[in-house]
Amino acid sequence: MSEQPFTPNQIFNLSLSTIEQRMMDFYKETQDNATTIQLLLALRVRYQLGAEEFALVLKDLVKYLFTRTKVTKTMKKFIYFFQDYFETSEWKRINLRVFPVRNFIEKAKSVILSPLAKLLPIEVAAT
């Protein structure tokens, strides 16, 4: 992981335009997805604490990271904090991209259990 471009004080005190410019410069220079996502999450915290102008900060960068870059552990860990950046159809595609095995297992389980549900009692089929 590369060195953080912001101190905690800067994350919560710099203006929106300054943070956006520095974040874009940092990502262009380092291409460090994990650190960038963590910094974006810190900005989500700032928004939750009442800074309304940070509602969908760096939306294009978030979309780029989740749709066009290699899936990382950090991305999997924090994906749900960025759900409101995407429309429903986009979110489904991103979820499939980030968690392909989980989605395959869920589909396989539903295909296997649907015929069995007709044969089994309701309590057993629900579990």
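So that you can scan it fast, the table gives a plain yes or no per residue for (1) among the charged types (D, E, K, R); (2) modelled with pLDDT under 90:
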residue: T18; (1), (2): no, no
residue: N33; (1), (2): no, no
residue: Q38; (1), (2): no, no
residue: Y47; (1), (2): no, no
residue: L56; (1), (2): no, no
residue: K73; (1), (2): yes, no
residue: F99; (1), (2): no, yes
residue: S114; (1), (2): no, yes
residue: P121; (1), (2): no, yes
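Select, from T36, T18, T30, T7, the only residue that is closer than 26 Å to P100 by Cα and hydroxyl-bearing (S, T, Y). Don't jump to the end; show me each part of the working.
Working: T18 fails: closer than 26 Å to P100 by Cα; T30 fails: closer than 26 Å to P100 by Cα; T7 fails: closer than 26 Å to P100 by Cα.
Within the list T36, T18, T30, T7, the selection yields T36.
Of the residues V101, V71, which single one is of a type in the set (V, I, T) and open to solvent by 80 Å² or more (accessible area, probe 1.4 Å)?
V101
Evaluate the range 103-117: report whether one residue or more is in a helix (DSSP H, G or I) and under 17 Å from the mean Cα position of the chain (by Cα).
Yes, that holds for at least one residue.
Can F66 be described as in a helix (DSSP H, G or I) and open to solvent by less than 40 Å² (accessible area, probe 1.4 Å)?
yes
Show the residue pairs meeting these rules: Cβ distance below 7 Å; 6+ apart or different chains; first residue within the range 73-95 and over 10 Å from V62 (Cβ atoms); second residue among the small types (G, A, S).
Correct list of pairs: T74/A34.
Quick one: how many residues across the range 25-55 are loosely packed, with under 13 Cβ neighbours inside 10 Å and under 13 Å from the mean Cα position of the chain (by Cα)?
0
Which residue pairs have Cβ atoms under 6 Å apart, sit 6 or more places apart or on different chains, and have a first residue in the range 22-49 that is under 19 Å from N9 (Cβ atoms) and a second that is in a helix (DSSP H, G or I) and open to solvent by 50 Å² or more (accessible area, probe 1.4 Å)?
Going by the 6 Å Cβ cut-off, the qualifying pairs are L41/F81; R44/F81; R46/F12.
Tell me the residue from V62, V57 that is in contact with an Asp or Glu (Cβ under 8 Å, 6 or more places away or on another chain) and within 13 Å of M23 (Cα to Cα), please.
The match here is V57.
The values are calculated or read from the model by the stated rules, or taken from the named source; none is laboratory data. Source: prediction; values computed, not measured. In this analysis, Cβ positions are derived from the backbone assuming ideal geometry, glycine residues included, and neighbour counts consider all displayed protein chains. Side chains included, ligands, DNA and RNA excluded: accessible areas come from the protein's heavy atoms. Shrake-Rupley method; radii C 1.70, N 1.55, O 1.52, S 1.80 Å.
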